[in-house]
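The values are calculated or read from the model by the stated rules, or taken from the named source; none is laboratory data. As the structure is a prediction and not an experimental result, all values here were calculated from the model. In this analysis, Cβ positions are derived from the backbone assuming ideal geometry, glycine residues included, and neighbour counts consider all displayed protein chains. Ligands, DNA and RNA are stripped out before the accessible areas are found, and what is left, the full protein with its side chains, is counted by its heavy atoms. Shrake-Rupley method; radii C 1.70, N 1.55, O 1.52, S 1.80 Å.
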Amino acid sequence: CVCVCVCMCVCVSCVLSCVCVCVCVLRKGISVAAGIPDYRSPGSGIYELVKKQYPNLPSPQSLFSIEYFREDPRPYFTLTKERFLGNLTPTRAHHFINLLAKKKILLRCYTQNVDGLEQQAGLPESSVLEAHGSIRTAACLECQTKADMQQFRATIMDGGIPHCSQPGCEGVIKPGIVFYGESLSQAFHHMAPSDMSAADLVIVMGTSLRVAPFSMLLHKARPTTARLLLNMEMISAFDHSEKDSNYRDVAVLGDVQASVATISQKVGWDKN
């Protein structure tokens, strides 16, 4: 398995040497090494944790539903305090994406993550499209007034529920993430078709690509665009990557952090 992975990384390094325009598609898998669990891993994923901690929820996904948040925001803020507001640092994978930007290869980083670790790694705001929003912003559910983030975080860390500070408004402050039942930003729908069509290479990292419309990004790329999967497991969009008919897909399965380290070394970027 190690030999296969190294061979694949050598192949990837050759592709990266020729790429002019790259788009990265990310999810929680690249933030696990920062201490944030992914959603679906058996026994340790966020959905498993929610199921154990809140057995009376209709489903673990309910915690991330805007309808349930309006009804009872306490479970969400408890999870946020425990999982998202600690001292998180970017992983090697985040720094690899920033390196792509420094090499002027990266066109855009599309991320489902809400932790802001891409920007913390050095990526400029213009290079990141946070399809599911960010925990770095928040606003009142009722009057849409932007929250003081320092106060917002302090209230959550103290175990409280943040409320609007505007006179006459007692609305709950909602973090700037996209809950189930809400639409993705207009920027996502506006920019994705042109970005994906311009890409020579699409790198998919740490995601199962199960949630639409984010999962449809790959289908917006040109038929000739090379596609690279860095993931713990195969996903359906790449299930033909080992067939003779495959002409553009490479899947490097295993630990994402180790994979980007090997690729960086093979392409001569490990000193960066």
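Listed conditions (1) part of a loop (DSSP other than H, G, I, E, B); (2) over 19 Å from the mean Cα position of the chain (by Cα); (3) surrounded by fewer than 16 Cβ atoms within 10 Å (Cβ to Cβ) are all met by Trp269, apart from (3).
Taking the stretch 29-120 and the helices (runs of 4 or more DSSP H) fully enclosed by it, the elements with 3 or more residues that are closer than 23 Å to Ser215 by Cα are at 46-53, 92-102, 117-120. Of all residues in the stretch 201-220, those satisfying the criterion of being free of Cβ contacts under 8 Å to residues at least 40 places away in the same chain and either crowded, with 19+ Cβ neighbours inside 10 Å or in contact with a Leu (Cβ under 7 Å, 6 or more places away or on another chain) (or both) are Pro213, Ser215. Does any residue of the stretch 132-150 turn out to be assigned to a helix (DSSP H, G or I), open to solvent by 10 Å² or more (accessible area, probe 1.4 Å) and out of contact with any Phe, Trp or Tyr (no Cβ under 7 Å at 6 or more places or on another chain)? Within the stretch 132-150, one or more residues are assigned to a helix (DSSP H, G or I), open to solvent by 10 Å² or more (accessible area, probe 1.4 Å) and out of contact with any Phe, Trp or Tyr (no Cβ under 7 Å at 6 or more places or on another chain). Taken as a whole, the structure leaves Leu100 outside the set of residues that are closer than 24 Å to Gln150 by Cα and open to solvent by less than 20 Å² (accessible area, probe 1.4 Å). The residue that is nearest to Arg153 (Cα to Cα), counting only those in the stretch 69-88 that are open to solvent by 50 Å² or more (accessible area, probe 1.4 Å) and at pLDDT 90 or above, is Arg74. For Arg227, the requirement of being farther than 20 Å from Gly133 by Cβ, surrounded by 14 or more Cβ atoms within 10 Å (Cβ to Cβ) and within 18 Å of the chain's Cα centre (by Cα) is met. Report, by residue number, each residue of the stretch 178-192 that is under 27 Å from Lys104 (Cα atoms) and surrounded by 12 or more Cβ atoms within 10 Å (Cβ to Cβ). If the condition is that a residue be under 27 Å from Lys104 (Cα atoms) and surrounded by 12 or more Cβ atoms within 10 Å (Cβ to Cβ), then Ser185, Phe188, His189, Met191, Ala192 are the ones that fit.
Within the stretch 53-68, residues that are closer than 10 Å to Leu79 by Cβ reach partners that are hydroxyl-bearing (Ser, Thr, Tyr) and open to solvent by less than 40 Å² (accessible area, probe 1.4 Å) with beta carbons closer than 6 Å, at six or more positions or on different chains, in the pairs Leu63/Tyr76. Across the stretch 48-63, the number of residues qualifying as open to solvent by less than 20 Å² (accessible area, probe 1.4 Å) and within 19 Å of the chain's Cα centre (by Cα) comes to 1. Taken together, Cys7, Cys1 contain a single residue that is touching a Gly at 6+ places or on another chain (Cβ under 9 Å), at pLDDT below 75 and under 23 Å from Ser264 (Cβ atoms), which is Cys1. On the basis of being open to solvent by less than 70 Å² (accessible area, probe 1.4 Å), among the hydrophobic types (A, V, I, L, M, F, W, C) and either within 15 Å of Ala251 (Cβ to Cβ) or out of contact with any helix residue (DSSP H, G or I) (no Cβ under 8 Å at 6 or more places or on another chain) (or both), does Ala198 make the cut? Against the criterion (open to solvent by less than 70 Å² (accessible area, probe 1.4 Å), among the hydrophobic types (A, V, I, L, M, F, W, C) and either within 15 Å of Ala251 (Cβ to Cβ) or out of contact with any helix residue (DSSP H, G or I) (no Cβ under 8 Å at 6 or more places or on another chain) (or both)), Ala198 qualifies. Any residue at all in the stretch 235-246 that is surrounded by 14 or more Cβ atoms within 10 Å (Cβ to Cβ) and part of a strand (DSSP E or B)? Checking the stretch 235-246: not a single residue is surrounded by 14 or more Cβ atoms within 10 Å (Cβ to Cβ) and part of a strand (DSSP E or B).
If you go through the stretch 103-131, how many residues are under 30 Å from Val172 (Cα atoms), surrounded by 17 or more Cβ atoms within 10 Å (Cβ to Cβ) and not aromatic (Phe, Trp, Tyr)? Selection size over the stretch 103-131: 13.
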